[in-house]
Each structure stands twice: as C-alpha cells, then as structure tokens.
Amino acid sequence: MARYGTWAPPAWWKDFRIDSPRNLSALWKLAGKPEYSAYRGLSDPKYELTPRVARISNHVKNEWNMMADFLAYARSHGHHLNNRLELLALAQHHGLPTRCMDVTTAFGVALYFAVSGKPCARGAMVWCIDLEAMPRVAVRWYEKHHQDGANGLRCEYQVFPSLPALVEREVVPLLRHDEVDQQIDRYMTNSTKARHPPIIVSTPHISRRMTAQDANFSVIDPNGGHLASQLKEIECNDVLRGIWLSPKLCSAVKNHLQVIGITRRVLFPDIDNLAADIADRYAA
C-alpha cells in the first residue's frame, strides 16, 4: 500500500489514486453506478467515517437532550417537524452532533465537499458506499450480534424491526424515511444502549439546502466505532471504497466543479452564500 507523505491509507481498503489533472475523467468512472451509490467527501483522507456525536463521549449520553433543545428553538425558525427522523435530519444537516452522517447520491456534490475546504497536504477523499450491498450488511450484522443468526431476521428486534422484512424482499436500502421513522423513535428514546446496523436513509427534504445537495443520511451506532470498522467487523469491506485525490488534483477538481455549476451558492441556497460565492469567484 502506497504512502502519501506521512499518511498511509488503511490496508483493508482499495487504493484508488487519482493524482494528476490529466486523470480527471477517471474520477467519474470510479464513482460506480450513481443510482445505487451514496457518497461522502472529506477534506482530509485521515478523517474517519464517524458520526459527530461519537467523537466526544459526553455527546452520546446527551444526544437526545441536544435534540430536544434544537427542536425547541427550531420552531421559532419556521420548522414544523413531523417525527424524530425529520428532527434528526435537520439537526445533523445544520451542524448539531448526531449519530447521522451526511451522504449524497450526487458524486459531484461529494467532490465539492472534498475539495472546497482549506487545502490539506494529504489531499482529499471521496468515500463511495454500495447501496446494493446494504441488505447483506444487515444480514451479517444480525448474524454476528444475535445468537439465533440469520433465522432471527424474522424476529422483532429492539431497534429496527422493519429491517428483516426489507432484507427478505431484497430492496436496495436507501431506506425510505417512512419505513424507519418509528424505529428511529425507539433508539432515540434509548440512545445510549440501543444497537443497530449501519443503514442509509432517504430523508425528507425539509430544507432547500437538503434538496440542493441531494442529501441523505447514514445512521450509525455511535457505540460501534467508525463505519469502516463496523463493516470490517462483519466482513463487508467491499461495501466501501475510497477515492484519494492528490493535493494537485484538488485544485483542478475545484475549478472543474465551478465550470459545471456545482458551487457554494447552488449547494447552500441563501443570500449569504450567494454573496460569498460571488466574492470567491472574483478573488480567484
């Protein structure tokens, strides 16, 4: 496995190196099938796929308290939320630590978040999640964490009892939010103890920003470590692929996204980001 400066990627993930602007077109070929993929862009390849609430131990036990406070004030901003999943999605998308991680079904959006921040000497990373493999993730997770194994998929589980039925009919979960909102309620009321497999949820687009970014969410057990380690634990490494972008390439990608219209004012549609986007364009 190659090393990039003082950083080396984990030995278990496939090393996709895109290190020259001449290879820009190869990026889109590595994206996989967009209708069956979710993506997350990170401005530093050393960052792990960990929900923010799990990065500080005190946040895990205070997860619902933070959500309750957010709900109390969100209403004053005109947000009227129908269930805890909508609350979770809105809070996460606007920066509150939760057990969710933003993902997008648009590869170009993930590229934007990978390269738009402060340049990193290690480059940037786009993670690709194979949605077609997510039913297998649920099966493997239940096999490992329940003594009754795969047959237990027909049982009523504490957190996501609807998952067994979804797996048996072989849907591709990007799970619909209306299929899991009751289960979200269950774990949010027992947030420090409930265990569940990682899932990808198609959340309702309750803000213009979510729609602009093709936003969806991975819901990850904060007690189980980062997403890559959870997948490795159940031998589902192939669900996740990392595409590393060299520092030199990051600048070329950023310019390319500007040309094709994936910009700050498009992804963050409000007057403040419109002004910032115009200022950035003329400063370049």
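Structure data summary
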item: Residue match in the range 46-61 (condition: without any contact (Cβ under 8 Å) to a residue 40 or more places away in the chain, of a type in the set (S, T, N, Q) and farther than 30 Å from residue 123 by Cα); result: yes
item: Identity of the residue in the range 1-54, under 20 Å from residue 213 (Cβ atoms) and assigned to a strand (DSSP E or B), that ends up modelled with the lowest pLDDT; result: 37
item: Cβ pairs under 7 Å, 6+ apart, first in the range 245-273 and closer than 19 Å to residue 211 by Cα, second among the small types (Gly, Ala, Ser); result: 257/108; 262/108; 264/276; 266/212; 267/212; 269/212
item: Spans of helices (runs of 4 or more DSSP H) in the range 81-162 with at least 2 residues on the phi > 0 side of the Ramachandran plot and modelled with pLDDT of 85 or more; result: none
item: The listed residue being in contact with a Lys or Arg (Cβ under 9 Å, 6 or more places away or on another chain), surrounded by fewer than 21 Cβ atoms within 10 Å (Cβ to Cβ) and of a type in the set (D, E, K, R), out of 52, 75; result: 52
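Quick grid of which residues meet (1) loosely packed, with under 14 Cβ neighbours inside 10 Å; (2) under 26 Å from residue 131 (Cα atoms); (3) modelled with pLDDT of 90 or more:
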{"position": "231", "(1), (2), (3)": "no, yes, no"}
{"position": "234", "(1), (2), (3)": "no, yes, no"}
{"position": "254", "(1), (2), (3)": "no, no, no"}
{"position": "265", "(1), (2), (3)": "no, no, yes"}
{"position": "282", "(1), (2), (3)": "yes, no, no"}
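The values are calculated or read from the model by the stated rules, or taken from the named source; none is laboratory data. It should be emphasised that the depicted structure is a prediction, and the values quoted were computed from it without experimental measurement. Here Cβ is always computed from backbone atoms with ideal geometry, including for glycine, and neighbour counts include all displayed protein chains.
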